[in-house]
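I have placed the structure first, in the form of structure tokens, so that the comments after it can refer back to it.
The values are calculated or read from the model by the stated rules, or taken from the named source; none is laboratory data. For clarity, every value in this text was computed on a predicted model and none was experimentally measured. Cβ: placed from backbone, ideal geometry, glycine included. Neighbour counts: every protein chain shown. The protein model used for the area step is the full one, side chains on, heavy atoms only, and it has no ligands, DNA or RNA in it. Shrake-Rupley method; radii C 1.70, N 1.55, O 1.52, S 1.80 Å.
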Amino acid sequence: MKGIFITFEGVEGSGKSTQIRLLEKYLQKQGIDHFITREPGGPPISEAIRKLLLDVNNSEMVPETELLLYLASRAQHTAQWIIPALEQGKIVICDRYTDSSLAYQGAGRRLSANVINVLTSFATRNLKPDITFLLDIDVEVGQARIQNRKLDRLEKESLNFHMQVRQEFLRLAKQHQDRYIIIDGSRGVQEIHELIVEHMKTHIRSL
Ligand code: TYD
């Protein structure tokens, strides 16, 4: 595919959304063709699934259902939006992707990583990110940053759950050093933005 697929990962409050917004402004200024999206979500079918997943009233949802819904949302998003944008040569930036399933449903909910990997390949037609930025931050610092928000079903999970999630992201970063860039999420917003742009420049000649 002609485009470049970039994902952002991290625990709650790690600053992904802020950084994606800054990167979007930068790419706009540079006149680089890009497409910004997020998971769970994207096209209408995926957004409908997102509502089910994050609804705090769905406390009966079992881990298996949760995984399959994230993957159903991802399958639609990948086929309908992400792959076509990459085929058009765009830089596609996605807030969370498959590594979030390994971190939250795997490490957090204790579902088998093998099962998640097999189902993920199926759901994504084997699409993998070219670059993944991990905004790594202490879980308690992240939680403090989001304390004023109305928390969704996943955000309401325990500190211990989120600590497992963070550890899994760090493990994935070690395992996939070819695509992962770990960034210390406790640094200043502007400083992190500049680091991200620098890394992008090493991968994308036109930047
Ligand atoms: P969102 O409001 O987009 O949170 P954030 O800004 O932290 O990304 O909600 C997404 C939630 O879904 C978040 O708590 C992480 C969780 N999630 C999973 O558990 N598995 C997944 O595969 C994905 C993509 C997200």
Quiz prompt | Taking only Cα atoms of the chain, radius of gyration then Dmax in Å | solution = 16.3, 49
Quiz item: Taking 0.36 nm per residue of separation and subtracting the Cα-Cα distance, what length does fully extending Ser206 through Thr65 add?
Solution: 46.5 nm
Quiz prompt | Exposure ranking of Arg171, Arg50 by accessible area [1.4 Å probe, largest first] | solution = Arg171, Arg50
Practice problem: Any chance you could run the full-extension gain for Asn148 through Asn57? It's 0.36 nm times the residue separation minus the Cα-Cα distance, nm to one decimal. | Solution: 30.8 nm
Quiz item: Taking θ as phi - 60°, what are the ³J(HN,Hα) couplings along segment 98-107 by the Karplus curve (6.51, -1.76, 1.60), each to the nearest whole Hz, with x for Gly and Pro?
Solution: 4, 5, 5, 5, 5, 6, 7, 7, x, 5
Quiz item: When all protein chains stay in place, what accessible area (Å², nearest 10, 1.4 Å probe) is found for Glu47?
Solution: 50
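Ignoring ligands, DNA and RNA, please state the percent of accessible area on segment 4-203 from carbon and sulfur, probe 1.4 Å.
Accessible surface attributable to carbon and sulfur in segment 4-203 totals 50 percent.
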Quiz item: In 5 Å bins starting at 0, how do the alpha-carbon pair distances of segment 124-182 split up by percent?
Solution: 4, 16, 21, 20, 17, 15, 7, 1
Quiz item: Based on the Cβ-Cβ distance of Asn160 and Lys128, what FRET efficiency does E = 1/(1 + (r/R0)^6) give at R0 = 35 Å, to the nearest 0.05?
Solution: 0.75
Self-check item: Accessible surface of Tyr180 - all protein chains present, 1.4 Å probe, nearest 10 Å²
Solution: 20
Quiz item: So if we plug the beta-carbon distance of Val141 and Ser121 into 1/(1 + (r/R0)^6) with R0 = 22 Å, what FRET efficiency do we get, rounded to 0.05?
Solution: 0.05
Quiz item: Under 17 Å Cα-Cα from Lys2, which aspartates and glutamates qualify once same-chain neighbours fewer than 8 residues away are excluded?
Solution: Asp33, Glu87, Asp130
Quiz prompt | Amide N of segment 75-96 lying under 17 Å from the label point, which is placed 7 angstrom from the Cα of Ala48 along Cα→Cβ | solution = 75-81
Quiz prompt | Heavy-atom surface of segment 4-203, accessible at 1.4 Å and reported per residue (Å²) | solution = 49
Quiz item: Points 7 angstrom from Cα along the Cβ direction at Arg110 and Val197: gap in nanometres?
Solution: 4.6
